[in-house]
Amino acid sequence: MIPVRDSDRDAGALHEGKPAAKGHAPAELRPATPYDTLPEESFDRIARLAAGCMRAPVAIVSLVDDDRHVVKSSVGLTGRSRVWRKVPLALRYVRQVAASGRSIFVSNSGEPIDAALSGVDSTGRTPDGVAYAVAPLMIHSGHVIGTICVVDSAPHAWTHTEITCLADLAVASVIELELRSDLSLKRQTQEHLLYSTLHDALTGLPNRSLFTERLRHAMKRAARHPDDLFAVLFLDLDRFKDVNDRLGHFAGDELLRAVARRLEACLRPEDTVARLSGDEFAILLESITETSDAGRVAERIEEALSFPINLGGAEITTSASMGIVTSSISPDQPEQLLRSADMAMYRAKAAGRARYEMFDRAMHTDALARLQLETDLRRAVENNEFRLHYQPMVSLRSGRITGLEALIRWEHPQQGLIQPADFIPVAEETGLIVPIGRWVINEACRQVKEWQASHHRDVALTMGVNLSAKQFAQPDLLDQLFHALDSTGVSGSSLRLEITETAIIDKGRYATGVLTQIKALGVQVSLDDFGTGYSSLSYLHGLPIDAIKIDRAFVGTMDTDENSLRLVRTILTLAEIVGVRAEAEGICTAEQLRELRALNCEQGQGYLFSAPMTPDAVNEVLTADPVW
């Protein structure tokens, strides 16, 4: 018989959740497994089988959890948390089996137990007069994950058949538990993968796929019940790029998470908010009573986003532009509804941001026209359908032409000549302005070289080319300019790049660096549309430029509006102070020309001298060499 120590007799004081007695040898710990999450039915079945095959009234199935033996099921004893108190000696044998990995069979009948079985420890009689049989639940790695304990207070000598039966039951139980655990783990993995597939990893919100599926269901429901209205809000954060640029992408991610939580707080449980991509979110409002409900939600969102958000100690405020479309539009596909809401959102951005716009049919017509324009514009780039017209630049001192400005036109195969105002904004948005702008630079350089060769002057003709913000930001801009000058043989001083204030104002040192490198090629730089942006003496003084062009909005009204005249006078004074040339655009009347000459403006252009002309017309004008 195994000797019983006093500390073992005190084992009855231990129950589920309490630590083992001091000095007790620790059981070999099993690795982390999902067995604890298996359904109770699995453990109840094992306990019933154990009691049945061992012909005993009590059976206990427990799992090892650190130094605890957590009862998962018991037959013949109620209250799982109190089982070990009722059979304290059983806990001692359970611990020993868990530590050794060998079964223990203790009889209370005085009859001998067959000890010839491998892996079995046996004794003749227990100190408390109760028979115990304990088998380990051992997984393939050799770790004991639990035990099956059978208890019988009636005289019971464990037979060879019973011993073998309990051992076989323990092996079969482990196989079953492992299979169920594998299935449970596989199911959890599948659920996790499904969740990951349908949710945004950063915010935890539904992603585009899940949102589209819920939108599709809402559309089907609305088709069956036309009175069941719903609305879609397409939301884009205003100036989110500024946060990334100033505070870093980590702060940008924190902002997106904070916005996600605020959007959720503005909605009902049955509504859906999803992150589509970047700083774009979409909201599905289900079962609304009227269209104005969507507007009220948009206003609630605007208010929620207006409160400061703390990003690593920096408090920022944000806003959103929103587009709203309702189920009354009756589209065929969810993507069409999202596209419609997206159109309305862009209308809101164009109208000043931090607001919402409702989609209407006119937007749809405009969108189709824009889509067709974009398609035609891509074809125009491939087929070289662009042409350059040129407007003279006149010296206001001599009255003679000193240069020209290249102005692009689109010779559409069906619509004829299209003005830049009708296609340049689309080219900017789509990025097509980059290849178009490259072609303009090359063609303008080629043309001015040809005119310089055929029309000799004391001072060579110069050519002005407008440079867009996207072109200015291109990393290969200097290479483009060098190639154009080198391939055409034009000197850098013959090329004038005209750049708007808004294209460079937010680029700081980068803009100054690029302008300095452009100047190193000998190319002249003019600040176009001066007076409409962020004009200031300190700002102007720090830029490496050659000239400022006074915007036509002021020049065109200076002979009728005293304020415009004063503004033109101020700009000319500013140019003189910082030492750059002043040029006026949009000169339309002789009175405007007279005023500008009186103010010592150096150069000008406008319809008073000539409208933009074809190359052939320019040839004729240059040959005539008029003086104004």
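The values are calculated or read from the model by the stated rules, or taken from the named source; none is laboratory data. Please read all numbers here as calculations on a predicted model, not as lab measurements. Don't worry about glycine lacking a Cβ; one is built from the backbone with ideal geometry, like all the others, and counts go over all protein chains shown. When the accessible area is computed, the model is the full protein with side chains, heavy atoms only, and any ligands, DNA or RNA have been set aside. Shrake-Rupley method; radii C 1.70, N 1.55, O 1.52, S 1.80 Å.
Per DSSP helix of 4 or more residues, -39500 (n - 2.57); summed, then divided by the residues of the chain. What does that give at 222 nm, rounded to the nearest 500?
Details: 22 runs with 277 residues, N = 628.
Calculated from helices alone, the mean residue ellipticity at 222 nm is -14000 deg cm²/dmol.
Could you tell me the relative contact order of the chain? Use alpha-carbon pairs under 8 Å, at least six residues apart, and round to a whole percent. So the answer I get is 8 percent. Within the chain, DSSP assigns beta bridges of which about 65% are antiparallel (rounded to the nearest 5).
What you get for the chain, charging only the Cβ of Lys and Arg (+1) and of Asp and Glu (-1), is a dipole of about 1680 debye around the Cα centre. In the context of the full protein assembly, Glu299 retains an accessible surface of approximately 90 Å², using a probe radius of 1.4 Å and ignoring ligands and nucleic acids. Computed 3J(HN,Hα) for the stretch 441-457, one whole-Hz value per residue from the Karplus formula 6.51 cos²θ - 1.76 cosθ + 1.60 where θ = phi - 60°, is 4, 5, 5, 5, 5, 4, 5, 5, 5, 5, 5, 4, 6, 9, 10, 6, 9, glycine and proline marked x. Note on the chain: Lys pairs 8 or more places apart or on different chains, Cα atoms under 18 Å apart, count 9. For the stretch 370-472, the Cβ-based charge dipole about the Cα centre amounts to some 360 debye (Lys, Arg positive; Asp, Glu negative; other atoms uncharged). Taking all protein chains together and rolling a 1.4 Å probe, Cys588 ends up with roughly 70 Å² accessible. Where [x] 213; [y] 457; [z] 254 are the candidate values, the label of the one calculated here for volume of the Cα convex hull per residue in Å³ is [z].
Which distance in Å, rounded to a whole number, links the C-alpha centroids of the stretch 460-487 and the stretch 210-237? Result: 49 Å between the Cα centres. Across the options Trp451, Pro420, Thr430, the greatest Cα extent toward the positive end of the charge dipole of the stretch 410-468 (unit charges at beta carbon of Lys, Arg, Asp, Glu) belongs to Trp451. Rounded to the nearest 20, the size of the Cβ-charge dipole of the stretch 175-267 about its Cα centre is 280 debye, with Lys and Arg at +1 and Asp and Glu at -1. Ligands, DNA and RNA excluded, the heavy atoms of His483 present near 110 Å² of accessible surface to a 1.4 Å solvent probe. Just name one of Leu527, Gly278, Ser141: the one whose Cα is farthest towards the positive end of the charge dipole of the chain (beta-carbon charges, Lys/Arg +1, Asp/Glu -1). Toward the positive end, the furthest listed residue is Ser141.
Students often check this: by mean Cβ neighbours within 10 Å, which of 143-149, 100-106, 592-598, 225-231 ranks highest, and how do the rest follow?
On the way: 143-149: 25.6, 100-106: 20.4, 592-598: 17.9, 225-231: 15.9.
Those peptides, ordered most packed to least, come out 143-149, 100-106, 592-598, 225-231.
With a 1.4 Å probe rolled over the protein heavy atoms of all chains, the accessible area of Asp67, Asp245 falls in the order Asp245, Asp67, largest first.
Any chance you could run the full-extension gain for Asp128 through Arg224? It's 0.36 nm times the residue separation minus the Cα-Cα distance, nm to one decimal. Each step should come with its number before you reach the end.
Numbers: separation 96, 0.36 × 96 = 34.56 nm, distance 7.40 nm.
So the chain would gain 27.2 nm between Asp128 and Arg224.
Were the residues from Thr589 through Ala617 laid out at 0.36 nm apart, the gain over their Cα-Cα distance would be 7.9 nm.
Considering only Ser319, Ser292, Ile309, the residue lying farthest towards the positive end of the dipole of the stretch 286-335 is Ile309, judged by Cα position with unit charges set on Cβ.
Taking the centroid of alpha carbons for each part, the stretch 381-446 and the stretch 607-624 are 15 Å apart.
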